[in-house]
Amino acid sequence: MIANLRQSISDWIFRARVPETPPVTLVQRRIFILPTRQGYTFAATVLLLLVASINYALALGFALTFTLVGMAGVAMLHTWRNLAHLKLRPGRCDPVFAGETAQFAITVETPSTTRFSIAVRRRDEEAVYADVAPHGMTAVSVPVVAQRRGLLRCGRLEIFTRYPVGLFHAWSYIDFDLRAIVYPRPDPAAGAPPLHSRSDAEEGIPVAGDEEFNLLRAYRPGDAPKLIAWKALAREQGLLTKEFSAMASSELWLDWNEARAPDVEARLSVLAQWVIQAERFGQSYGLRIPGVSIPPARGEAHRTRCLEALALFAQ
Amino acid sequence: MKTPAASPHLDVRNVMWLLAAMAFVVAPHLPRLPYWVDAFFTLIVAWRAWMAWKALRHPSRWVMALLTIGATIATLQQYRTLSGREAGVTLLIVMTALKLLEMRTQREVTLSIYLGFFLVLTNFLFSQAIPLGLYMLVCVWILIGTMVGFNRVGSTPTLRERLKPSAMLLLQSIPLMLAFFVIFPRATGPLWALPIDSRSGMTGLTDTMTPGNISNLIKSDALAFRVHFDGPRPAYSRLYWRGPVMTEFDGGATWSVPPIAPPGGISYSRREGRVNYELTLEPHNKTWVFALDVPAEPPPGTYVLGDLEVRDRRPVAERRRYEMSSYLDYRYGEGASPVLLKSLLKLDERRNPRTIALARKWAAEYPDKRRLLQQVFQFYNREFTYTLEPPPLDPRNPYDDFLFETKQGFCEHYAGSFALIMRAAGIPARVVTGYQGGEVNPVNNELIVRQADAHAWTEIWLEGQGWLRVDPTAAVSPLRVEGGVNAALGPIGVIPTLVAADPLGLLASIRDSWRAMNSQWDEWVVGYNSEKQRQFFMRWGAPSVDWQTLGVWLIAATFGLGSAISFALFIRDLPPRREASLAAWERFCAKLGASGLARSPSEGPLDYLRRVTRERPDAAAAAEDITRRYIEARYGAGASREQLRELARRVREFRPA
């Protein structure tokens, strides 16, 4: 409750136009700085040193105290400067299956010297640290566990640093509206796509089950590595590709109505598993769910398209 | 506040750095601490290093508790207290070692580093000399380097990446440090009472004198007191600053102050030649105040004893100032009590028999006291040498040994033996210790008296004349009294081995510069107090120097230097200035844009020019001129400063109707 309130106050104080158009440069007014707990302890230490120096009239004690005061002041500038003028861009956010960890990446670029220990974190989660060297971009990926299928928004990220001496915490907020697509968690119990979901036109062609192949043919570039007959290769029969009987038949429709499951999410999980299976076997497959119909095809792009359709179903 | 990021586990290299830094800081303490403390610290640090190296487990809480209790008891056992300088430092070192042993989180590391800064300060309780100051600067450098190391999360810094940021931080903090050092208001006294042993530099005279103890003092350059004379300064040879007067003689070597101070109330038959002066006494934790000859009236808080010693009512534990006046021309004590005079003849017949015998022989030969004194001076003058490195003496009969065998000595040898001869010859005599001469600072005409000016002489009582000062050292080395120790001893007295092998005098001149630097350091850095601060600001024409003024100065310096440093740091980060030609071109485009003929982002200069020529024939000539110049400057052979200025001027004058 308090945490929520704090978050919303902080959101309000540090509000930024969302999403921001990349690249975002961390200019002066975007960077905030406050002492850390270490910094406050340091201040207390310096105060004690000062009292001791006054009491014992220690000239070098004064020198030490004031050196540390000056050092802290300069350290504040250095900490601030460690963040200043960094150029941020959104990075890749690859899709993941529900239950996996999505990586939200931003790239950081420094216009001048190397910036050490630049950290990025999401709210109060664990931070990811990186050194940003000049000439080039440094990608920093913030891991977020994807709980549910759909569109996972990263939300506002905090980019901060405490380098060089940890007395100050300089930070800035950045919100590129990063999103990652979360596919439904594949249902391992779903098994192979049902046979009768094949199109009627192909009926009559013998099928011996997906796991069994019925002929070997010469390898063609582009064949999936899974389909290569490694045993044959080991027997020095050359590079051969296994041709499955199911593959030999042409098309497979993965249908919403065929996936028997108690609820929508479970059904999507079954379909996701089927997409993966079909793709693995090199089968040409189509997807038919309420509102979406994707004609049969094969390949990575097609698989992504199908899984995305499942991920974003009814959202 | 923000929750800190999960602390990274303690990197072995970082831990090693921290341990090394702490060892460096503690090192100067080790020789002055009991052996068990040295062993304890070394072993614990070694154990911690081994633990980090081998990734061993930390000792259990029981072991820690045992060690803590044991170390505290051992400290108590050693010093019978936990306060006071030695005991406090011992306890701090022991506890730091234990903290290092148990630390496992980033927070504990931070605390340990801050403890390190404290340990740096404790070193200054013992010495504030230049070498220690420099050494501690290096220690602070390493400690900050350790902080940098622990704050480099995600990668391990190289040696350079630790020390360079640390050095930068230190260097950039120097201006602020200097400003604060000069401006920060200095208190005139301590905030609370200090234990007796709390200060360093408490060297000074003691209440006993044996051959050897003043010559040790003389090797110290430390300030004893400073004097400002109202009116002309008396000659060097008259500057006898009287300190403890020693009337008790153990018969062997030692002269000491009487256990019961002689009461005051002296009748003077003559007091002339009044001198007024202001004396600023460095703390020495004794009650002696050093005055010339016969003090007129004791300054507030002090009193005068029967032997003309001036004493403060409280031990001088901090710097004190006294308004004094003295008479240099005087006669007193003619009517001294026979009991007192008899006590000033005391000696031990069984010790130093040859000296006593010689003195009695002379006394019989020369009934006239003046002749007798002449004889004794001649004796000293003939064969004796004045040296800081006298050979050791026979402890049983030291003055016999000195007078008849070694014949080399320092002022306390002469004063002690002379007083003994006088007593043996039937003349009441006492030894006076104090300082002689001083050194005039040409800057402010102040007389600076250092421990090196410590001196011992004698006073004898003669019938009808009262007390007379006799300085036997003057018989041996008149220069000592007229020109100070260095004049008397030459460079050979102080660093004989070095200088003897230095025919060009190079080492001597280095040593002299070093000493000069040290005395400046002592005076303006170590001795920078409220008084010095006032002087400093007055010299720069500040109308008044109080807390408010200094506060304003402090704030001004903070802001001034702070902005200067920020500016110096950030100027490097500013985006590079755009090329002048581009700036001019953009202004040109903006002007045309304002008149409704904006350049589209994809349009090159020549395409744009074509469009401008078509749409605005009246401005065509000027536009073509500007475009041509721009293309030449930016894409062609470049442009000189004048050409760029010309381009800028033409753009300024360009008016797209």
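May I ask you to evaluate 6.51 cos²θ - 1.76 cosθ + 1.60, the Karplus curve with θ = phi - 60°, for each residue of region A:153-162 and list the ³J(HN,Hα) values in order in whole Hz, giving x for glycine and proline?
Values, residue by residue: 9, 6, x, 6, 10, 9, 10, 9, 8, 10 Hz.
Suppose every Lys and Arg Cβ carries +1 and every Asp and Glu Cβ carries -1, with no other charges. What dipole size does region A:19-183 come out with about its Cα centre, to the nearest 20 debye?
Computed charge dipole of region A:19-183: roughly 260 debye.
Report, ordered by chain and residue number, the lysines lying within cross-link reach of residue B:532, taken as a straight Cα distance under 27 Å and ignoring same-chain residues fewer than 8 apart.
The qualifying lysines are B:219, B:286.
Given H placed 1.01 Å from N in the peptide plane, which residues other than close sequence neighbours of residue B:294 have an amide H under 5 Å from its amide H?
Those lying under 5 Å, H to H, from residue B:294 are B:327.
How large, in Å, is region A:19-183 by the Kirkwood hydrodynamic radius built from its alpha-carbon pairs?
Numbers: mean 1/r = 0.0569 Å⁻¹.
Result for region A:19-183 stands at 17.6 Å.
For Cα pairs less than 8 Å apart in space and 6+ apart in sequence, what is the mean separation divided by the residue count of chain B, i.e. the relative contact order in percent?
Reported as a whole number, the value is 12 percent.
Check which residues have an amide H placed less than 5 Å from residue A:117's amide H, if you skip close sequence neighbours.
A:130, A:131, A:132
Need one number: the % of Cα-Cα pairs in the protein assembly as shown sitting beyond the 38 Å mark.
Details: 318751 of 471906 pairs.
The calculated P(r) of the protein assembly as shown puts 68 percent of pairs beyond 38 Å.
What does the charge dipole of the protein assembly as shown about its Cα centre add up to, to the nearest 20 debye, if the Cβ of each Lys and Arg holds +1 and the Cβ of each Asp and Glu holds -1?
Working: 111 positive and 91 negative charges, 301 e Å.
Magnitude of the dipole: close to 1440 debye.
Quick check on chain B: helices-only [θ] at 222 nm, where DSSP H runs of length 4 and up contribute -39,500 (n - 2.57) each and the sum goes over total residues. Nearest 500, please. Intermediate results must be reported in sequence, preceding the final value.
Numbers: 22 runs with 315 residues, N = 657.
The helix contribution divided over chain B gives -15500 deg cm²/dmol.
Using Cβ contacts closer than 10 Å as the measure, can you line up A:33, B:555 from fewest to most?
Numbers: A:33 16, B:555 11.
The fewest-first ordering by Cβ neighbours comes to B:555, A:33.
Over the Cα atoms of region B:208-494, each weighted equally, I'd like the Debye log10 I(q)/I(0) at q = 0.08, 0.11, 0.12 Å⁻¹, rounded to two decimals.
-0.32, -0.62, -0.74
Quick one: 3J(HN,Hα) in Hz for region A:32-41, Karplus 6.51/-1.76/1.60 with θ = phi - 60°, rounded, Gly and Pro as x.
Running phi through 6.51 cos²θ - 1.76 cosθ + 1.60 with θ = phi - 60° gives 10, 8, 9, x, 8, 4, 3, x, 5, 4 Hz.
How long are the three semi-axes of the equivalent ellipsoid of region A:137-198, in whole Å, if each is the root of 5 times an eigenvalue of the C-alpha gyration tensor, listed from largest down?
Working: eigenvalues 358, 30, 19 Å².
Largest first, region A:137-198 gives 42, 12, 10 Å.
Quick one, can you get me the convex hull of the C-alpha atoms of region B:256-335 expressed as volume per residue in Å³?
Details: hull volume 7.8 nm³, N = 80.
That works out to 98 Å³ per residue.
Could you point to the residue in B:246, B:364, B:391 farthest towards the positive end of region B:208-494's charge dipole, with +1 and -1 charges on the Cβ of Lys/Arg and Asp/Glu respectively?
B:364
What is the sum of charges around residue A:182, taking Lys and Arg as +1, Asp and Glu as -1, for the other residues whose C-beta is under 14 Å from the C-beta of residue A:182? Present the calculation step by step, with values, prior to reporting the outcome.
Working: positive: A:148, A:149, A:153, A:179, A:185; negative: A:94, A:100, A:265, A:308.
Taking every other residue near residue A:182 into account, the sum is +1.
Calculate the mean, over all residues of peptide A:31-42, of how many other protein chain Cβ atoms lie within 10 angstrom of the residue's Cβ. Numbers along the way, then the final one.
Details: counts 0, 0, 0, 2, 1, 5, 6, 11, 2, 1, 4, 5.
Counting Cβ atoms of other protein chains within 10 Å of each residue's Cβ and averaging gives 3.
Measuring from centroid to centroid over Cα atoms, what is the spacing of region B:617-647 and region B:259-294 in Å?
90
Looking at B:266, A:297, A:80, which one has the Cα that reaches farthest to the positive end of the dipole of the protein assembly as shown (charges on Cβ: Lys, Arg +1; Asp, Glu -1)?
A:297
Mind listing the long-range amide H neighbours of residue A:142? Cut-off is under 5 Å, sequence gap 5 or more, other chains count too, H placed in the peptide plane at 1.01 Å from N.
HN-HN under 5 Å from residue A:142: A:104, A:105, A:106.
Summing Lys, Arg as +1 and Asp, Glu as -1, what charge do residues with Cβ under 14 Å from the Cβ of residue B:185 carry, residue B:185 excluded?
+1
How compact is region A:261-304 by the rule of thumb for globular proteins, expressed as Cα Rg over 2.2 N^0.38 Å?
Values: Rg = 10.7 Å, N = 44, 2.2 N^0.38 = 9.3 Å.
Cα Rg divided by the expected 2.2 N^0.38 Å: 1.15.
Please grab the % of Cα pairs in region B:580-653 that end up more than 16 Å from each other. Don't jump to the answer; show the numbers that get you there.
On the way: 1145 of 2701 pairs.
Taking all Cα-Cα pairs of region B:580-653, the fraction more than 16 Å apart is 42 percent.
With +1 on each Lys and Arg Cβ and -1 on each Asp and Glu Cβ, and nothing else charged, work out how big the dipole of chain B is about its Cα centre, in Debye to the nearest 20. Each step should come with its number before you reach the end.
Values: 76 positive and 61 negative charges, 516 e Å.
So the dipole magnitude of chain B works out to roughly 2480 debye.
Rounded, prolate or oblate: which fits region B:392-436 when a ≥ b ≥ c are the square roots of the eigenvalues of the alpha-carbon gyration tensor, with rounded for a/c under 1.5 and prolate only if a/b beats b/c?
Oblate, since a/c reaches 1.5 and b/c is not below a/b.
Share of Cα-Cα pairs in chain B beyond 51 Å, in percent? Don't jump to the answer; show the numbers that get you there.
Numbers: 81315 of 215496 pairs.
The answer is 38 percent, as a whole percent.
Could you sort the peptides B:406-419, B:516-529 by per-residue average Cβ neighbour count (10 Å cutoff), highest mean leading? Mind showing how you got there, number by number?
Details: B:406-419: 26.0, B:516-529: 16.7.
Output ranking for B:406-419, B:516-529: B:406-419, B:516-529.
Per-residue HN-Hα couplings for region A:303-312, Karplus 6.51 cos²θ - 1.76 cosθ + 1.60 at θ = phi - 60°, whole Hz, x for Gly and Pro?
Karplus values, whole Hz, x for Gly and Pro: 4, 4, 4, 5, 5, 4, 4, 5, 4, 9.
All other residues with a Cβ under 11 Å from the Cβ of residue B:619 taken together, and with Lys, Arg as +1 and Asp, Glu as -1, what is their net charge?
-1
Quick note: the coordinates plus some simple rules give every number you see, no bench work behind them. Keep in mind that this is a model prediction, so the values were computed, not measured. Backbone-built Cβ (ideal geometry, glycine too); neighbour counts: all protein chains shown.
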